[in-house]
Amino acid sequence: MENLDFLGNHFLGADFSISSMLLISLVVGTLFTFRRKIFFFLYKETDIDLFLKTLDEKLKTTYPKLTFDFRYLEKIKDEPNPDAKKYALIDNIINQYEAISYTPIHSKKLISANMLWSSYAFNSKNTNNKLPEDWLLRKNAIFERDEKTCQKCSKKMALKDSDILFIKPLEKGGDFYVENMLLVCNDCAKIEKYKLDKTQSLKFLDIREDLYSLGKDH
């Protein structure tokens, strides 16, 4: 009888161990399968908070004189996918950037006459909206006068990333005198051209590439 009790207890213990292992496996499997849903709230808050901080720092550093509104997050607060939420916010920021109103005005900083070249006055006249032969000299002069800063969005930039905005558009009789020219970044130049001609494309803006890359990294 004792042997039977021993065997019974032995098999009972074995059954209990197997059942425990199966139960643990089931629990672990369930947690693994549904881990994103179970811990989603925690992940969501951490990811979004970190991304918002990084995005805010990026915008303040790149566009120090602009203010962006993050209230759009409230409209998408129930979006379950954190990546979808990030890119929806980025698209809204880009829309805000494109919608910035701007009225170009003459620069308060003047370029000294003794810094201008011999052909300056002659080539300042507008002939069929064609860029003058000394265009690069003019662009460099504006680049230095406006301190390498976009006069619309306040972004610092290299010469290759800059463009010129005419206070009085060439199409409306504007000329190439430096007083009629302002330094802007490539993005702002594209946006201002789009306002005049809706056939222009705004798909390839630097801000879009920069912020989308930021979204991928966070």
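Every read-out reported here was derived from the displayed coordinates using simple, explicitly stated rules and does not represent laboratory data. What you are looking at is a predicted structure, and each value in this text was computed from that prediction instead of being measured. Here Cβ is always computed from backbone atoms with ideal geometry, including for glycine, and neighbour counts include all displayed protein chains.
What FRET efficiency comes out for ILE111 versus THR54 if R0 is 35 angstrom and r is the Cβ-Cβ distance? Round to the nearest 0.05.
Plugging the Cβ-Cβ distance into 1/(1 + (r/R0)^6) gives 0.35.
Give, rounded to the nearest 20 debye, the magnitude of the charge dipole that segment 113-201 has about its Cα centre when Lys and Arg contribute +1 at Cβ and Asp and Glu contribute -1 at Cβ.
It works out to roughly 240 debye.
The Cα atoms of segment 113-201 give a gyration tensor whose axes a ≥ b ≥ c have a/c of 1.5 or more with a/b no greater than b/c, which makes the shape oblate. Positive end of the dipole of segment 113-201, charges at C-beta (+1 Lys, Arg; -1 Asp, Glu), about the Cα centre: which of SER119, PHE166, TYR177 has its Cα farthest in that direction? Going by the Cα projections, it comes out as PHE166. In order along segment 197-212, the Karplus-derived 3J(HN,Hα) couplings, from 6.51 cos²θ - 1.76 cosθ + 1.60 at θ = phi - 60°, round to 9, 5, 7, 5, 9, 10, 5, 9, 8, 4, 4, 5, 5, 5, 6, 5 Hz, and Gly and Pro are given as x.
Other residues with beta-carbon under 13 Å from the beta-carbon of LEU55 carry, at +1 per Lys or Arg and -1 per Asp or Glu, a net charge of -2. Which entries in LYS125/LYS168; LYS160/LYS203; LYS108/LYS130; LYS58/LYS86; LYS109/LYS168 show an alpha-carbon gap greater than 23 Å? The answer is LYS108/LYS130. Let me check against my output: what whole-number percent is the relative contact order of segment 113-201, with C-alpha pairs under 8 Å and at least 6 apart? Relative CO of segment 113-201 lands at 28 percent.
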